[in-house]
Amino acid sequence: MNYKRFFIQNSYVFITVCTYKRRHILIDKIECLRLSFKYALNIFNFEITAAVINPDHFHIILRPDNIKDYPKIIGIIKKYFTQNAVIEHSIKNNREADIWQRRYYEHTIRNEEDLYRHIDYIHYNPVKHGL
């Protein structure tokens, strides 16, 4: 299936990243996830507007200096976490660790109302999941 991403310079992007089979590993390895974000910030210029970490997924709104960098930013975060979190996992046939779902959801924020709607979603998300 072909996925089309829209790269609108100076835009905010809402992203959802899930663990493989929704494994509850992120809170237990929260320090490693924090370091993953810091590592990405050392490589790419972007700001984090809002974020929430749940046991099996995270949501983030970011605004990269170069909008085409956000897939690379997510890739670096996932790679750093995979390489540094001590988690029992297997390597599948295509040499991927079974820590993350292969794809992630992204939505380019269209306007200020859309931005605030997604910030509200991030704030409410832990409540939605009973946390």
Exercise. Roughly what angle does helix 112-128 make with the longest principal axis of the chain, taking Cα atoms, 0 to 90 degrees, to the nearest 10?
Worked result: 30 degrees
Problem set entry | the chain, helix-only ellipticity at 222 nm - DSSP H runs n ≥ 4, -39,500 (n - 2.57), divided by all residues, nearest 500 | -11500 deg cm²/dmol
Problem set entry | Rounded to 10°, Cα long-axis angle of helix 70-84 versus longest principal axis of the chain | 20 degrees
For this session: With a 1.4 Å probe and every protein chain kept in, tell me what percent of the accessible surface of the chain is carbon plus sulfur.
Result: 49 percent
Seminar exercise, completed: Out of Y39, Y116, Y70, a Gaussian network model of the chain with alpha-carbon springs under 10 Å gives the largest mean-square fluctuation to Y116
For this session: Counting only heavy atoms of the protein chains, get the accessible area per residue of the chain (1.4 Å probe) and round it to a whole Å² value.
Result: 62 Å²
Exercise. How big is the chain in terms of Cα radius of gyration and Dmax, in angstroms?
Worked result: 14.7, 44
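The values are calculated or read from the model by the stated rules, or taken from the named source; none is laboratory data. Keep in mind that what you see is a predicted model, and the values were worked out from it rather than measured. Only protein heavy atoms, including side chains, enter the accessible area calculation; ligands, DNA and RNA are left aside. Shrake-Rupley method; radii C 1.70, N 1.55, O 1.52, S 1.80 Å.
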